[in-house]
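Below is one structure, written out as C-alpha cells; comments come after it.
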Amino acid sequence: MFQGGIAMPEYNPREIEPKWQKRWEDDKLYKAVIDHDKPKFYALTMLPYPSGDIHIGHWYAMAPSDARARFKRMQGNNVLFPMGFDAFGLPAENAAIQRGVHPKGWTLRNIDRERQQLRSMGAMFDWDREAISCLPGYYRWSEWFFLKFYEMGLVYRKQAPVDYCPSCKTTLAREQVIGDERICERCGAQVVKKDLKQWFWKITNYADELLDFSKIDWPDRIRLLQTNWIGRSEGASVVFKIAPEDLPDDVDPAMGDLVVFTTRPDTLWGSTFMVLAPEHPLVHVITKPEHHEEVHAYQIQASRQTEIERLSTDKEKTGIFTGAYAINPVNDARIPIWVADYVMMGYGTGAIMGVAAHDERDFKFASKFALDIPVVIEVAEWIEDGRPLPLPHAYPGEGNMINSGPFDGTPAPYPAKEKVTEWLAERGIGKAAVNYRLRDWLISRQRYWGIPIPIIYCDTCGAVPVPYEDLPVLLPDDVDFRPTGESPLKYHEGFLNTTCPRCGGPATRETDTMDTFVCSSWYQYAYLSPYYREGESVTGDATPIDPEEMAYWAPVDTYTGGAEHAVMHLLYTRFFTKVMRDAGLVNFDEPMLQCRNQGIILGEPRCGDCVDVKGTREGSAFRAESLTVYSFVDEKSWPDPVSSDTRVCGELMDRDDVSLKVRVSSDGALVVVLVDEGLAVDIPGKEGQGAITDILYHLDVEKMSKSKKNVVAPDDLVAKYGADTVRAYLMFGWRWEQGGPWNGQGMEGVIRWINRIWNIITEEPRAPEAAGDGAPRELLRAVHYAIKSVTADMESFSFNTVIARLMELTNALSRAKPALWSTEVWDEAITALLLMLAPVMPHIAEELWAHLGKPYSVHTQPWPTWDAAMLVEEMIEVPVQVNGRVRGRVTISADADEEAIKMAALADENVQRHLEGKQVVKVIVPRGKLVSIVVK
RNA sequence: GGGGAAGUGUCGGAAUUGGCAGACGAGCAUGACUUAGGAUCAUGUGCCGCAAGGCGUGCGGGUUCAAGUCCCGCCUUCCCCA
C-alpha cells in the first residue's frame, strides 16, 4: 500500500471492533443514570424471543434503532436504550418434549448465546438493565399484576368455547388465530373450538379508550388495524319475545326474551324473520319436535365450517326453520325463527333480526327461502307509478322510512336511528347499544413454561387468589415433560397441593399458566428497575417499579419493532398501561408515545445447484443411477444442460425427498428425476454422504427459513465485513419501513465506502494541489448541507438517505483532499463527518476520532449543527423552460432579482432558438429557482 | 365483498409547498495501474436517434405555465378484515 509519512494500518474491523466494545463496557459508557439536568429520552426496540440465534431480521430492527438512539444522545438527551429477553413460550417446552432438555436450561443457554451475538452489534444497550421474563424476579411482578387486576375486578373465569390448537395443545387468544383458515399463529395447525373454563382479562372495559389515538404518534396502519380489530358499532339492542305458545312450560319465561343487536333499528318494521346462530343455547329449547332431527344435523354441519365460509356474502345461504315464532315488538307481527350458519355466536348476542330488503345477507337468505321482503326505506329508483318494483338486491342506503307506523317519512338512517331508539327505550323494548368485535383477553394456557396463575382452588372457598405476600408462585424445576397435551404442573404433587389461604383447608393450585404476551405487556417498565425488590415480601400496595426511575424515564419516547404485533402486543401493552394508570401506578395514558415499524428482510433470490444425472428414462420421468452436484456458486463451470435417454443435466429448480425437478434447457423445460434412497450424493464443500435434500434448489424471493437454506447469518457477515459495515448496509439498502429481499452484493458498496473513509482520513494526499478560491467554501457547503439533511433524516427514520448524504459528503472530501488536506476547513469537515458517522458506525468513528487525537469518546460529543449562511451559494444555475420543457440553463448571481433572471433567461442562445417566430405570452419565475416561459 | 398500502432505469432506491425525474449505491461498459484481478483509481450509463430532437414515473383521461406528486376512471401486487 502506498503511504505518506505516517504509517497507519489498513482498516481492520476484526481488531478495532472488539477493542472499542471492551473499552466502552469497561467505562460504562452506555449506562443510563437518572440525570435531572438533561431531558430524558427512552428509546426502545422490541425484545427478542431467545430461540437460539439472532438473525438478520433482529439486526435490521435493532441496528437502525440503535443509531437513532445514539443520535438522540448526541443531541443532548439522557438516553435509555435497554434490551432483554421474552423468555417464556412454547418453543422451549417443545424442545423439552422432543429432545429432553429442560426449558429453563434451553432458554438460558440461548440467552447467553444471543447476548453475545447482540454485543457484536456494538449497540448502546445498557446491559445493567437487562430483564429476562422467565426469572422469578420478573414473573413475580407479572403474577402481582394478575392479583392487582383481579382486585380491580378486571379478571374473571368462565366456561367458554375457546380456540384451541391441537398441535400446541393449548388455548389461544382470539388474536392468535389467523385468517380464513383459522390457523394457529405459532405452528400453522388448524385451530378447533373447545369448551373450557378459562381466565379472561377485561380488555373490553377499555375498548373505547383504546380507540383513542390522539395522544400518540403511531403508524396509521397500526391505528387502523387496532380500530378494525376493536370493531365498534353503534346501534340498539331490541328485545324480541318468543311467541308464548312456542316456549315450553317448564322454561323460565324470562328466557323467552331474545335480545338482538342491530346497527339499523330504523329498519325494525321490515324484520320478517329471526335467525339464531347454530350454537345458540335457545335453539334446542324452542325447536319443535318435528324439526329436531333436521336442526340437529344442521348444527353439526355448521360446526365443521370455517368462519369465513359461513360469513361469505357470495355463498349460497343455508338454514333451517325451527318451527317456532317470535314477536316483532314494533308491530307485533309473528315472525318465524330460523337457524342459519351466517349468524355467529361470537358476534353480538348470536341472534339477529332479519331485514330482507335492507341487508345483503338477509336478502339472499329471504330470497332463497321465499320469506317476505317488505321495503321500509324508500328506494326512489325502484319505484314505478308509485308502486315498488321487486328489489334486485338489498338496499342498505339512505331514504325516507315507509311502512313503519309512526315513523313514516323520517329520513333514514339519520336521524331515524336515534328517533327509533328513543321510541324503543320509552316503551321498554330496546335501548341504545354499542357492540364491539373485541373479545376479552383469554390468558390461560395449558402449558408449563409460563407465568403461574396465582390462584388456589378450595372446595369450600372456591377460587382464591394467592396473597400478595406469598408471591412468587414459583414454577417447579423438577417436572416430567410428556406429550400428553396437559401441563406437567398437573402431575407435580408439590406444586399442585397446597392449603387454602382463606380457610387453611386442603386446596390445589391453578395449573394453567399465562399467555406470554402478559410478560411483554409491561417489560418497558421492567427495564427501569429489573427484578425490583427481589427476595422481599411485598403487598398489594407495593410498586412493581422503582418510583424514582418510573417518574424519570417513563413513558417510552420512541418504540420500534415489527408491525406483526399490531393487534396483539401493541394492543395489550396499551391496555396494560391504562390499567396501571387506574391502579395509580403511572400517571400517563399511553405506554409509547411514538411507534415506528420496520419491514421484513426476505431471502435473497438465488439459482439452484446444477445436477448431472446418469440413468434411464422411465416414462416422462428419469430414474437416477448416479448423480454429480455442481454448486450454484460456480455457475461458470457448470456443464451444459442435457436431456437424453441416458443423461439429464441442469439447474435444480425444486425438489422433495425422492425427486428432483431439473431445468434442462434455457427455455425452462423441466425433467423430473426420481432418486432412490440409497443413492450416493456428493455435495461440494460438504463432508461425507449427502442427501438429495441437501442440494440447493432455485429460490425466488421468499421469507428466510432454515429449510430453504436461504438464511443470512449476521455472525458470518460480521466476521467477513465487521459490524459497522453490516449496520450501515442495513440502514442503506432498503426503505426501513418496507424491507425487501436481501442482496449480498450491496454490502460490497458499503465496505468500499468505509475503506475510502479510512483512507481519506488516515493517508496523506498523493498529489497535493494548491487550493482554488472557492474550494474551502464549497467543502463547507457540502458539510453543512450534510448536517442539515442527516439531522432531519435521522429524526424521521429515513435511514437510507442518511447514508446517501454521508456518502456524498465523503465524495466531496475526496474531491477536496488534494487541495485542502490538513487545513482548518479540512479538519472541520472530517470532524463533522466522524460525528455523523458515530451513530451509524460506532467503532470506526471512535477509532478515527482517536486517530485524530480528539478526546474520548466520539459518542459523548454533541451532534454538529448547521449554519444556514453556509448553505447559500454565490452563483446559482437556473433552468429555463419553454412551454414546460427545459431548453436552457443560465448561471446567475444568487441574489439576482426576478427581473434580472428573466432577462438572462430570455437572452440564452438555446432559449432564443425556441422563441423564434413565437409570441411570449407569460414568464414565470417561482421563488427564483426556475424560469418558465409560455409562448404561442 | 369492504378497507388499507404500494407500483419510478437492469436492481435497491432518491425527489420540502406541484418546480431540472432517476440523488446515493449496486450492476454493466470503457480506460489506467498491475505478473494477475471479483483489488484500487478514472470516465460513462433511463429509452429511441449519427445528430437536431423525441419519448419516459402501472394504464386512460383531466386541472396547471409546470404533475411521480393534485382530481376522475381503470389495471396489477401485497396486507388486514368480513
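Name the helices (runs of 4 or more DSSP H) wholly within the range A:795-866 that hold at least 2 residues that are away from RNA strand B (no atom under 16 Å from the Cβ) and of a type in the set (Asp, Glu)?
The qualifying helices (runs of 4 or more DSSP H) are A:824-837, A:842-851.
Residues in the range A:215-234 that are open to solvent by 50 Å² or more (accessible area, probe 1.4 Å) and in contact with a Leu (Cβ under 7 Å, 6 or more places away or on another chain): how many?
Qualifying residue count, the range A:215-234: 3.
So which of A:ASP694, A:ASP700, A:ASP716 is more than 30 Å from A:GLU824 (Cα to Cα), surrounded by 13 or more Cβ atoms within 10 Å (Cβ to Cβ) and out of contact with any helix residue (DSSP H, G or I) (no Cβ under 9 Å at 6 or more places or on another chain)?
A:ASP694
Which of the numbered conditions does A:PRO768 fail, given that it passes all the others? Conditions: (1) open to solvent by 20 Å² or more (accessible area, probe 1.4 Å); (2) within 9 Å of RNA strand B (Cβ to nearest atom); (3) farther than 24 Å from A:GLU846 by Cα.
The number of the failed condition is (2).
Mind checking which residues of the range A:475-484 are surrounded by 12 or more Cβ atoms within 10 Å (Cβ to Cβ) and of a type outside the set (Phe, Trp, Tyr)?
A:LEU475, A:PRO476, A:VAL479, A:THR484
For the range A:572-581, check the following and say yes or no: at least one residue is out of contact with any Gly (no Cβ under 7 Å at 6 or more places or on another chain), open to solvent by 30 Å² or more (accessible area, probe 1.4 Å) and more than 26 Å from A:ASP66 (Cβ to Cβ).
Yes, there is a match, as at least one residue in the range A:572-581 is out of contact with any Gly (no Cβ under 7 Å at 6 or more places or on another chain), open to solvent by 30 Å² or more (accessible area, probe 1.4 Å) and more than 26 Å from A:ASP66 (Cβ to Cβ).
Does the range A:786-793 include one or more residues that are within 18 Å of A:LYS817 (Cα to Cα) and not β-branched (Val, Ile, Thr)?
yes
Just checking, does the range A:163-170 include any residue being among the acidic types (Asp, Glu), within 13 Å of RNA strand B (Cβ to nearest atom) and assigned to a loop (DSSP other than H, G, I, E, B)?
Scanning the range A:163-170, I find no residue that is among the acidic types (Asp, Glu), within 13 Å of RNA strand B (Cβ to nearest atom) and assigned to a loop (DSSP other than H, G, I, E, B), so the answer is no.
Under the condition of being small (Gly, Ala, Ser) and not in a loop (DSSP other than H, G, I, E, B), which residue from the range A:876-926 is surrounded by the most Cβ atoms within 10 Å (Cβ to Cβ)?
Among them, the one singled out is A:ALA905.
Which residue is nearest to the chain's Cα centre (by Cα), if the candidates are limited to the range A:235-245 and must be surrounded by 14 or more Cβ atoms within 10 Å (Cβ to Cβ) and not charged (D, E, K, R)?
Going through the qualifying residues, I end up with A:GLY235.
Within the range A:77-94, restricting attention to residues that are open to solvent by 10 Å² or more (accessible area, probe 1.4 Å) and under 23 Å from A:TYR139 (Cβ atoms), which residue is modelled with the lowest pLDDT?
If we take residues in the range A:77-94 being open to solvent by 10 Å² or more (accessible area, probe 1.4 Å) and under 23 Å from A:TYR139 (Cβ atoms), then A:ASN94 is modelled with the lowest pLDDT.
Looking only at residues that are among the β-branched types (Val, Ile, Thr) and at pLDDT below 90 in the range A:287-314, which one is surrounded by the most Cβ atoms within 10 Å (Cβ to Cβ)?
A:THR306
So the check is Cβ under 9 Å with 6+ separation or different chains; which pairs have a first residue in the range A:205-223 that's farther than 24 Å from A:ALA433 by Cα and a second one that's hydroxyl-bearing (Ser, Thr, Tyr)?
Within 9 Å, the pairs are A:TRP218/A:TYR559.
Write out, first by first residue and then by second, each pair whose Cβ atoms fall under 7 Å of each other, whose residues are 6+ apart or on separate chains, and whose first residue, in the range A:785-812, is on the phi < 0 side of the Ramachandran plot while the second is in a helix (DSSP H, G or I) and aromatic (Phe, Trp, Tyr).
As it stands, the answer is A:MET794/A:PHE71; A:ASN800/A:PHE732; A:ILE803/A:PHE732; A:MET807/A:TRP753; A:THR810/A:TRP753, since those pairs meet every condition given.
How many residues does the range A:718-765 hold that are of a type outside the set (Val, Ile, Thr), away from RNA strand B (no atom under 14 Å from the Cβ) and at pLDDT 90 or above?
Total meeting the criteria: 5.
Starting from the range A:38-66, take each residue that is at positive phi and list its partners that are of a type in the set (Asp, Glu), counting only C-beta distances under 9 angstrom and pairs at least six apart or across chains.
Between residues of the range A:38-66 that are at positive phi and residues that are of a type in the set (Asp, Glu), the close pairs are A:GLY52/A:GLU114.
Go through A:VAL886, A:VAL878, A:VAL923, A:VAL934 for me and flag whichever is within 8 Å of RNA strand B (Cβ to nearest atom), touching a helix residue (DSSP H, G or I) at 6+ places or on another chain (Cβ under 7 Å), among the hydrophobic types (A, V, I, L, M, F, W, C) and at pLDDT 80 or above.
Of A:VAL886, A:VAL878, A:VAL923, A:VAL934, the one residue that is within 8 Å of RNA strand B (Cβ to nearest atom), touching a helix residue (DSSP H, G or I) at 6+ places or on another chain (Cβ under 7 Å), among the hydrophobic types (A, V, I, L, M, F, W, C) and at pLDDT 80 or above is A:VAL878.
Can you tell me which residue in the range A:543-556 is most open to solvent (accessible area, probe 1.4 Å), limited to those that are touching a helix residue (DSSP H, G or I) at 6+ places or on another chain (Cβ under 8 Å) and at pLDDT 95 or above?
A:THR543
If only one of A:ASP716, A:ASP694, A:ASP682 is of a type in the set (Asp, Glu) and touching a residue at least 24 places away in the same chain (Cβ under 8 Å), which one is it?
A:ASP682
Considering every residue within the range A:568-586, establish whether at least one is away from RNA strand B (no atom under 16 Å from the Cβ) and free of Cβ contacts under 8 Å to residues at least 12 places away in the same chain.
yes
Check A:ASP112 against each of (1) open to solvent by 10 Å² or more (accessible area, probe 1.4 Å); (2) of a type outside the set (Gly, Ala, Ser); (3) more than 30 Å from A:ASN205 (Cβ to Cβ); (4) touching a Pro at 6+ places or on another chain (Cβ under 7 Å) and name the one condition it does not meet.
(4)
If you scan the range A:437-460, which residues turn out to be modelled with pLDDT of 90 or more, open to solvent by 40 Å² or more (accessible area, probe 1.4 Å) and not in a strand (DSSP E or B)?
A:ASP459, A:THR460
If you go through the range A:218-234 one residue at a time, how many are outside any helix (DSSP H, G or I), within 9 Å of RNA strand B (Cβ to nearest atom) and among the hydrophobic types (A, V, I, L, M, F, W, C)?
Residues that pass the stated criteria total 0.
Only one of (1) under 23 Å from the mean Cα position of the chain (by Cα); (2) open to solvent by 20 Å² or more (accessible area, probe 1.4 Å); (3) within 13 Å of RNA strand B (Cβ to nearest atom) fails for A:ARG186. Which number is that?
(3)
Which one is nearest to the chain's Cα centre (by Cα) among residues in the range A:582-626 that are aliphatic (A, V, I, L, M) and open to solvent by 10 Å² or more (accessible area, probe 1.4 Å)?
Ranking the candidates gives A:ILE600 first.
The values are calculated or read from the model by the stated rules, or taken from the named source; none is laboratory data. Since the structure is predicted, the reported quantities are computational estimates derived from the model, not experimental observations. With ideal geometry, Cβ positions are generated from the backbone for all residues, glycine too; neighbour counts draw on all protein chains shown. Heads up: the accessible areas ignore ligands, DNA and RNA and are worked out on the full protein's heavy atoms, side chains in. Shrake-Rupley method; radii C 1.70, N 1.55, O 1.52, S 1.80 Å.
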